[in-house]
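The values are calculated or read from the model by the stated rules, or taken from the named source; none is laboratory data. No experiment lies behind these values; they were computed from the predicted model shown. Neighbour counts are summed over all protein chains in view; Cβ atoms, including those assigned to glycine, are modelled from backbone coordinates with ideal geometry. All accessible areas refer to the heavy atoms of the entire protein, side chains included, with ligands and DNA or RNA removed. Shrake-Rupley method; radii C 1.70, N 1.55, O 1.52, S 1.80 Å.
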Amino acid sequence: MAKLRADAQRSRAAILDAALRVLETDPDASVEGIATAAGVTRQTVYAHFPSRERLLAAVLDRLTEEAVDAMDAAGPDTGPAADAILRVLNAARRASSRYPSLLRRFSSTASSAEDGREQHEPVAERLRRIVERGQLAGEFDRQPPADWLVTVIIQLGHAAAGEADAGRLSPAEAEKELSATVLRVLGAS
């Protein structure tokens with residue numbers, strides 16, 4: 001039974017890895033195409049993900065996990081809060097920059113604001129910790145609620161990515177402007 005479970009986990013991981021690669025180059029790729037890229041049958045994909053929508057939701061979850069892992073590796077709880085917020089945002093940007101087409105598609109097809117909030121919660125939780133730490137330490141303005149500031153930071157991140165995607169800013173310029181704007185919004189001292 002343990003071997004079966006390990007095989008199923010490897011199969012699921014292979015499907016998600018293949019889906020990330022395939023959907024980045026062809027957002028309309030079929031389940032059959034993803035299965036082929038994963039080295040499994042279409043039936044195996046459907047055994048793990050009963051519909052294409054469930055597969056796409058799992059892909060989005062995987063992207064979020066990768067961004068969160070990168071954020072955690074950036075040391076959100078160490079050093080001055082202003083430095084930590086910039087490190088964490090930079091780490092999230094680097095992680096998400098691996099799949100720009102896929103993320104653009106997910107952003108443009110979010111079914112509701114509530115879905116977006118739910119999907120961003122792991123990211124928001126890490127940002128919230130830094131913001132609250134900075135507010136307690138007097139590094140950030142204590143007046144705006146931390147949740148409001150986190151929402152603004154996330155939206156600014158999307159705006160910066162959108163400007164870079166549209167070619168109005170280079171990726172380096174977008175990162176620079178995002179960093180400066182986030183620090184202003186936080187009232188970093």
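Determine the calculated [θ] at 222 nm for the chain from helices alone, applying -39500 (n - 2.57) to every DSSP H run no shorter than 4 residues and normalising by the residue count; nearest 500 deg cm²/dmol. Please report the intermediate quantities before stating the final value.
Numbers: 9 runs with 146 residues, N = 189.
The per-residue figure over the chain is -25500 deg cm²/dmol.
For the chain, what D do you get in µm² per second when you plug the Kirkwood radius from alpha-carbon pairs into Stokes-Einstein at 10 °C and 1.306 mPa s? Don't jump to the answer; show the numbers that get you there.
On the way: Rh = 18.0 Å.
My calculation gives 88 µm²/s for D.
Quick one: Karplus J couplings for the range 90-101, per residue in order, coefficients 6.51, -1.76, 1.60, θ = phi - 60°, nearest Hz, x for Gly and Pro?
Whole-Hz 3J(HN,Hα) from phi for the range 90-101: 5, 5, 5, 5, 4, 5, 6, 5, 6, 9, x, 5.
Need the full-extension length gain, Val185 to His158, defined as separation in residues times 0.36 nm minus the C-alpha distance. One decimal, nm. List each step's numbers first, then the result.
Working: separation 27, 0.36 × 27 = 9.72 nm, distance 1.53 nm.
Between Val185 and His158, full extension yields 8.2 nm more.
Let me know the longest stretch in the chain that avoids all trypsin sites (Lys or Arg not before Pro) found in a DSSP loop with at most 16 other C-beta atoms within 10 Å.
Details: sites that count: Arg98, Arg142, Arg168.
By the stated rule (loop sites, at most 16 other Cβ atoms within 10 Å), 1-97.
Which whole-Hz couplings ³J(HN,Hα) result when phi for each residue of the range 66-80 is put into the Karplus expression 6.51 cos²θ - 1.76 cosθ + 1.60, θ = phi - 60°, listed in order with x for Gly and Pro?
5, 5, 5, 4, 5, 4, 4, 5, 7, x, x, 9, 10, x, x
Given Cα pairs under 8 Å that are at least 6 residues apart, what percent is the relative contact order of the chain?
On the way: 163 pairs, mean separation 32.5, N = 189.
17 percent.
Using a 1.4 angstrom probe and counting only protein chains, how large is the accessible area of His158 in Å², to 10?
That residue has around 80 Å² of solvent-accessible surface.
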